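See structure below.
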Amino acid sequence: MFDWDDLRHFLAVARHGSTIAAAKALNLSQSTVHRRLAELEKRIGRNVVIRHATGYRLTEFGTELQPWAEQVEKAIVSLERYLVAADETPTGSVRVTCSESIGYRLMQSPLLETFHSRHPGLRIELIMSDHFLDIAKGEADVAIRAGIPNEETLVGRKIADVPWALYCSRGYLERHGRVERAEDIAGHSVIEFDGDIRDHHAAKWLRSVAPNARVVARSNTVPGLLMTVKSGAGLAPLPMPLAVREADLVSVLGPLPGLYSPIYLLTHPDLRHMPRVRTFFDFIIAEIDSVRPVLTAGN
């Protein structure tokens with residue numbers, strides 16, 4: 001009746017609510033999404049979406065169709081993983097997703113150069129974002145992530161513990177004085193965690209010790225927090241390996257007891273034994289004594 005791409009375009013519109021947003025997510029033109037959606041409706045003889053003032057909403061039939069389309073999507077992604085894993089030749093790219101701060105540390109170290117020299121047929125492609133990419137859906141091959149993983153579909157191991165401390169700029173310290181105890185934070189200005197990192201354990205710690213502190217700014221990325229602290233706006237907890245590189249920052253409390261970010265090396269079980277992914281995993285584990293200082297420098 002139709003091919004998989006028909007359902008792929010339908011799911012993108014269903015999830016994003018407009019053909020513009022769907023086209024951006026699929027990296028296609030809006031006209032292509034319109035055309036494929038119309039082709040799907042023509043082939044099945046039913047309307048799946050209704051246009052309204054701010055975009056599209058699903059028809060009753062479209063709502064019923066969505067979970068079936070998602071099952072097809074899941075099967076297609078599983079098939080693609082199987083086919084990729086069946087390739088025994090360790091060549092090509094390993095797409096490694098990580099935060100900007102972890103990516104920065106890796107690029108400043110000799111680790112990636114060492115890997116490429118040992119495995120010239122492989123290239124590491126860093127996808128740096130504080131938004132978690134979905135490995136199960138093929139958005140990346142491997143993740144290096146801070147925090148205890150909550151995706152049941154992933155496997156891996158902890159490779160480091162990163163310490164955190166409370167920081168401010170030298171200018172802020174001169175104007176407002178040093179923080180002697182956690183209780184003193186209530187009398188200071190703070191930068192709050194927002195968006196995807198709102199529930200980070202450091203964010204929860206800050207809210208627990210200074211629930212009434214004056215919030216002067218918010219950021220949804222750790223590098224954004226760092227830049228705001230550097231501006232002199234206020235205090236925020238930061239990972240020490242990232243903050244220690246900044247001459248303008250001063251640690252006023254820390255390392256904070258019990259405040260560590262475990263870092264995990266993760267992938268999907270279907271990809272774990274794929275040659276190129278296995279090669280990267282084995283390299284990280286074999287070089288763990290070199291990897292840990294890169295991830296935790298400043299301890």
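Students often get this wrong, so check it: of 158/230; 24/230; 158/204, which have C-alpha atoms separated by over 25 Å?
158/230; 24/230
Based on the Kirkwood radius over alpha-carbon pairs, what is the Stokes-Einstein translational diffusion coefficient of segment 84-222 at 4 °C with 1.567 mPa s viscosity, in µm²/s?
My calculation gives 72 µm²/s for D.
If I ignore ligands, DNA and RNA and count only protein heavy atoms, how much of residue 181 is accessible to a 1.4 Å probe, in Å² to the nearest 10?
Roughly 130 Å² of residue 181 is accessible to a 1.4 Å probe.
Where does helix 30-44 land angle-wise versus the long Cα axis of the chain, in degrees 0 to 90, nearest 10?
Once rounded, one gets 40 degrees.
Keeping all protein chains in place, calculate the accessible area per residue for segment 139-207 (probe 1.4 angstrom), answer in Å².
Per-residue value: 49 Å².
Percent of accessible area on segment 211-288 owned by carbon and sulfur, 1.4 Å probe?
Carbon and sulfur atoms account for 50 percent of the accessible area of segment 211-288.
Using a 1.4 angstrom probe and counting only protein chains, how large is the accessible area of residue 94 in Å², to 10?
Using a 1.4 Å probe on the heavy atoms, I get roughly 0 Å².
As a test question: what accessible area, to the nearest 10 Å², does residue 107 have when a 1.4 Å probe is rolled over all protein chains in place?
That residue has around 100 Å² of solvent-accessible surface.
Rounded to two decimals, what ratio of Rg to Rh does the chain give with C-alpha atoms and a Kirkwood Rh?
That ratio is 1.06, to two decimals.
I need the fraction of alpha carbon pairs in segment 209-299 separated by more than 21 Å, rounded to a whole percent.
Value for segment 209-299: 49 percent of Cα pairs lie more than 21 Å apart.
Is segment 191-243 best put as rounded, prolate or oblate by its Cα gyration tensor, with a ≥ b ≥ c the root eigenvalues, rounded for a/c under 1.5, and otherwise prolate when a/b is larger than b/c, oblate when not?
rounded
The values are calculated or read from the model by the stated rules, or taken from the named source; none is laboratory data. Everything numeric here is computed off the predicted structure, so don't read it as measured data. Each accessible area value is taken on the protein alone, full model and side chains, heavy atoms only, with ligands, DNA and RNA left out. Shrake-Rupley method; radii C 1.70, N 1.55, O 1.52, S 1.80 Å.
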